[in-house]
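Mind having a look at this structure? Questions to follow.
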Amino acid sequence: MARTFAVLALPVALAWVAAAQSRTPVLVELFTSEACSSCPPADGVLARLDREQAAGGVEVIPLSEHVDYWNNTGWRDRFSSPLFSSRQQDYGQALHLETVYTPQMVVNGQAQVLGSDENAVRAAIRAAAQGPRATVALRVASVDLASCQVRGFPPGTQTADVLLAVTESSLVTFVSGGENNGSRLRQSAVVRSLHTLARLDAKKGGVYSADVHLNLRPDWNRQNLKLVLFVQDRSSKRILGAAAAHL
């Protein structure tokens, strides 16, 4: 995928201190495809989670990641990428699954459920909200600049990746082939770009601060864009902390 941002300075002293997160962030990743007839109900679940959020002081941070292995079945998903297929396979290995599938929901990198099973998804979100987490702060400083900060790894963390995603909602596709032929699909929190900003070692402090320059594509509707910053354990794939901000 084309690079959409660049780190301007690392590390950089931030002149702001993030307030404590009032709700516990939980990252919910949906692996989906416009060519899969079982996926639209799961897309709807993700959209509801984003719109309604979850009870009990949890902030649901959704990512809709469109895999590319459905593209030879009569419809090419314009949001698909081999990056997301590879990420899903990594989860399959980390979670000791015999196979991956669509629609598959991975909650905080620590549990997976059928994406259309809303009760199971919400239960997994509640479970994932428990336990210690890193402090992750994200601030949109200007039209093309974001400030990012990570500190305070949970006990037992050795190495972790800091990732930044750009998502877009309110997307509509008229499908003219494959299993969803003739359907009008609405998409929420579609990942437009996903890149690793840094790899951190807990023995070296596990602290990250940087200003990131955003190079957003002109065909993305800025009003529907969101930034998602998250930290992921490199070995277990567990999400250690996350934050999101509207552009």
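Restricting to region 94-109, count the residues that are within 16 Å of residue 233 (Cβ to Cβ) and surrounded by 19 or more Cβ atoms within 10 Å (Cβ to Cβ).
Result for region 94-109: 4.
Looking for something within 27 Å of residue 148 (Cβ to Cβ) and more than 14 Å from the chain's Cα centre (by Cα) - is there at least one such residue anywhere in region 111-120?
Checked against the condition, which is being within 27 Å of residue 148 (Cβ to Cβ) and more than 14 Å from the chain's Cα centre (by Cα), region 111-120 yields at least one hit.
Residues to consider are 232, 158; find the one that is loosely packed, with under 15 Cβ neighbours inside 10 Å and within 25 Å of residue 95 (Cβ to Cβ).
Going through 232, 158 in turn, the sole match is 158.
Ok, one more. For residue 142, only one of the following conditions fails: (1) over 25 Å from residue 56 (Cα atoms); (2) in contact with a helix residue (DSSP H, G or I) (Cβ under 8 Å, 6 or more places away or on another chain); (3) polar (S, T, N, Q). What is its number?
All conditions pass for residue 142, except number (2).
Right, here's the next one. Wholly within region 83-178, which strands (runs of 3 or more DSSP E) include no fewer than the required count, namely at least 2 residues that are more than 21 Å from residue 46 (Cβ to Cβ) and touching a residue at least 40 places away in the same chain (Cβ under 8 Å)?
Result: 135-142, 145-151, 159-168.
Based on what the data block shows, is residue 72 out of contact with any His (no Cβ under 6 Å at 6 or more places or on another chain) and without any contact (Cβ under 8 Å) to a residue 40 or more places away in the chain?
In short, yes.
Something else about it: Checking residue 190 against (1) more than 16 Å from residue 62 (Cβ to Cβ); (2) of a type in the set (A, V, I, L, M); (3) modelled with pLDDT of 95 or more: exactly one of these is not met. Which one?
Here residue 190 meets the rest and fails (1).
For region 54-69, which residues satisfy the criterion of being in contact (Cβ under 8 Å) with a residue 12 or more places away in the chain and assigned to a loop (DSSP other than H, G, I, E, B)?
56, 57, 67, 68, 69
The values are calculated or read from the model by the stated rules, or taken from the named source; none is laboratory data. Please read all numbers here as calculations on a predicted model, not as lab measurements. Heads up, the Cβs are rebuilt from the backbone with ideal geometry, glycines too, and the neighbour counts pull from every protein chain shown.
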